[in-house]
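A.B. asks: Mind looking over this structure? Questions follow.
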Amino acid sequence: MQLILASTSVYRRELLARLGLVFECVPPRVDESAIHALFDAASARELAEHLALAKAVAVSRTHGDATVLGSDQVCDGQILGKPGTPERAAEQLALLSGRQHQLITAVCLWQDGGTLRHTDITTLTMRELSTDEIARYVASDSPLDCAGSYKLESLGISLFEGIQSSLFEGIQSADHTAIQGLPLLAVCQLLRQAGYTIP
């Protein structure tokens, strides 16, 4: 069974590679800006879930026999996406400073026209950050391709004072891979349901 990750994200590729499965990455042809325009701040979860599905479906159109994994991540509040520039990253961090927010990571596994889905919600509490701290962080970690403008797997952990993950299968879990962009606890379960052997 061919497995495709519908993503150009280096982070997601590295995370999925940890499972030891053979897969390829295919860029999804999805107009994310058009989809973002359909949702407001109250619909961050729906946005993440819609984007994950749209990516999986888009790749499945050209790879019909493959199992396709789509994923997307949205920071709630004002639906903060990838900042793209240091200035925008600093603006996002200033918005999040001293506040609690949720990082929503949705995955969709497309196989034979059906889907298996999971949405992981992590609540993060950022400490109060000064303008200098924000500038130093952005210059050091360059989080320009990360929703919310931070990398928790790197120096970004220093920006927070609390992290709490959502329930997974009725158990409070701390799946740090969800924060990095692909919740491997859930992905392993979805792939097993789809017929993959892990490990």
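The values are calculated or read from the model by the stated rules, or taken from the named source; none is laboratory data. Source: prediction; values computed, not measured. All Cβ positions, even for glycine, are placed from backbone atoms using ideal geometry, and neighbour counts span all protein chains on display.
A.B. asks: Does ILE79 meet the test of being at pLDDT below 95 and hydrophobic (A, V, I, L, M, F, W, C)?
C.D. replies: yes
A.B. asks: Just wondering, is there one or more residues in the stretch 61-74 that are under 22 Å from GLU128 (Cα atoms) and among the aliphatic types (A, V, I, L, M)?
C.D. replies: Scanning the stretch 61-74 turns up at least one residue that is under 22 Å from GLU128 (Cα atoms) and among the aliphatic types (A, V, I, L, M).
A.B. asks: Then there is this: Scan the stretch 41-82 residue by residue and report those that are under 20 Å from GLN180 (Cα atoms) and among the basic types (Lys, Arg).
C.D. replies: Result: ARG45, LYS55, LYS82.
A.B. asks: Moving to a separate point now. Right, LEU155: of a type in the set (A, V, I, L, M), at pLDDT below 95 and touching a helix residue (DSSP H, G or I) at 6+ places or on another chain (Cβ under 9 Å) or not?
C.D. replies: Answer is no for this residue.
A.B. asks: Check the stretch 180-197 and report whether any residue there is part of a loop (DSSP other than H, G, I, E, B), at pLDDT below 95, under 25 Å from ILE79 (Cβ atoms) and more than 15 Å from the chain's Cα centre (by Cα).
C.D. replies: no
A.B. asks: Among the residues that make up the stretch 41-48, is at least one of them farther than 30 Å from SER130 by Cα, under 16 Å from the mean Cα position of the chain (by Cα) and modelled with pLDDT of 95 or more?
C.D. replies: no
A.B. asks: Let me confirm something: among ARG61, ARG18, ARG88, ARG29, which residue is out of contact with any strand residue (DSSP E or B) (no Cβ under 6 Å at 6 or more places or on another chain), of a type outside the set (Gly, Ala, Ser) and free of Cβ contacts under 8 Å to residues at least 12 places away in the same chain?
C.D. replies: Values: ARG18 fails: free of Cβ contacts under 8 Å to residues at least 12 places away in the same chain; ARG88 fails: free of Cβ contacts under 8 Å to residues at least 12 places away in the same chain; ARG29 fails: free of Cβ contacts under 8 Å to residues at least 12 places away in the same chain.
Just one listed residue meets the conditions, ARG61.
A.B. asks: OK, next. Evaluate the stretch 134-152: report whether one residue or more is assigned to a strand (DSSP E or B) and at pLDDT 95 or above.
C.D. replies: no
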